[in-house]
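Inspection log for the structure reproduced underneath, given as structure tokens.
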Amino acid sequence: MIKSLKHLSYILKFRENDLDVLTDNISNYYYRKDEQKFKDGKPKIKNGMYQIRVMYPSTGKLKRIQNQLNRTILNNIKLPNYAHGSIKKRDNITNAKCHVGKKYMFQTDLKAFFPSINYKLVYEMFISHGFSPDVASRLTKLTTFKDQVPQGAPTSSIIANLVFVKTGDKIAEFAKKHGLTFTTYVDDITLSSAKCFHHLTNEILQIMTNDGYFISHDKTNYKAGNKNVTGVAVGQNGISITDSFKIKIKAETDITTPRYAGLVNYKKRVFSFNSSRLALQVSSPS
């Protein structure tokens, strides 16, 4: 890995002195953006108040550097197979596929996931991957803001994935021990099995809370039968689009737009899994 600031400067195509100036004035390269939260297509309201998500997208030179960081450094750090969010060739569909045929499913969501990942956790993650202390410090300054991973910056999802590996590996080990399938989609956690494992759910939650994460209890559930996993309907024999997605397609009045084409292509990708799975079953020896 990168052992010197000079080497880092070369990779980022940005002079060392200019990086010093940028990190010393990092607040000039973020702006606050309040994004309204929605649930089932409707604005989310709690205690009579519209719920918002506070984001801090980066801008200008910092945004360019963060994109370069993704291309040259972060995307080259291998993530475990259980991670699916914001990873090349993996997405919400690949995440859902893992749970096909599992009758029982436990899902939870990590509350305030990005803000809960602080400077110290990010720095320790870079150190664990072999970066020298001064390089790890510089990278942490380039990817955190106000002592947290800023939601909305290009690097934030991959940084969050990498930091969560420490906890994710504990859950993966627990899942393997008990014959469970485990996946993550950034802050969405899913475990499933052909056998009932309701008695294990508190232990699973304890692993996460012990490491400092907060659980969104209104998004935590244990179910049997068909379920929705990261926006995909998952059944015993395959996956499908959700009812809300069907409504979204029907609501499009102009079928010539790129948006409509994107929705149709997404639908095809979902159903293509069922076709390939059936073909595999037919070709397999009995």
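The values are calculated or read from the model by the stated rules, or taken from the named source; none is laboratory data. If you're wondering where the values come from, they're calculated on a predicted model, not measured in any experiment. Virtual Cβ from ideal backbone geometry, glycine too; neighbours counted across all protein chains shown. Quick note on the areas: whole protein, heavy atoms, side chains included, nothing else; ligands and nucleic acids left out. Shrake-Rupley method; radii C 1.70, N 1.55, O 1.52, S 1.80 Å.
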Practice prompt. Identify the residue in the range 51-64 that is in a strand (DSSP E or B) and aliphatic (A, V, I, L, M) and, among all such residues, is most open to solvent (accessible area, probe 1.4 Å).
Written response: I52
Worksheet item: If you go through the range 37-50 one residue at a time, do you hit one that is surrounded by 14 or more Cβ atoms within 10 Å (Cβ to Cβ), basic (K, R) and assigned to a helix (DSSP H, G or I)?
Response: no
Discussion item. Just to be sure I understand the filter: pairs with C-beta atoms under 7 Å, separated by 6 or more residues or on different chains, first member in the range 194-220 and under 28 Å from Y119 (Cβ atoms), second member open to solvent by 20 Å² or more (accessible area, probe 1.4 Å) and hydroxyl-bearing (S, T, Y). Which pairs pass?
Written reply: G212/S116; Y213/S116; F214/S116; I215/T209
Worksheet item: Pick from the range 4-25 the residues that are out of contact with any Ser or Thr (no Cβ under 8 Å at 6 or more places or on another chain) and hydroxyl-bearing (S, T, Y): which of them is most open to solvent (accessible area, probe 1.4 Å)?
Response: Y10
Worksheet item: N67 passes all but one of (1) out of contact with any helix residue (DSSP H, G or I) (no Cβ under 8 Å at 6 or more places or on another chain); (2) in a loop (DSSP other than H, G, I, E, B); which number fails?
Response: (2)
Worksheet, complete the sentence: When the range 126-152 is checked residue by residue, the ones that are open to solvent by less than 10 Å² (accessible area, probe 1.4 Å) and of a type outside the set (S, T, N, Q) are F126, F131, V135, A136, L139, L142, V149, P150
Item to complete: Determine the pairs where a residue that is closer than 26 Å to M125 by Cβ, located within the range 79-108, has a partner that is among the β-branched types (V, I, T) and in a helix (DSSP H, G or I) with Cβ atoms under 6 Å apart, the partner being 6 or more residues away or on another chain.
Response: H84/T94; S86/I158
Fill in: Condition check for K33: of a type in the set (D, E, K, R) and touching a Gly at 6+ places or on another chain (Cβ under 9 Å)
yes
Practice prompt. Being polar (S, T, N, Q) and open to solvent by 20 Å² or more (accessible area, probe 1.4 Å) is the filter here, so list the residues in the range 94-120 that pass it.
Written response: T94, Q107, S116, N118
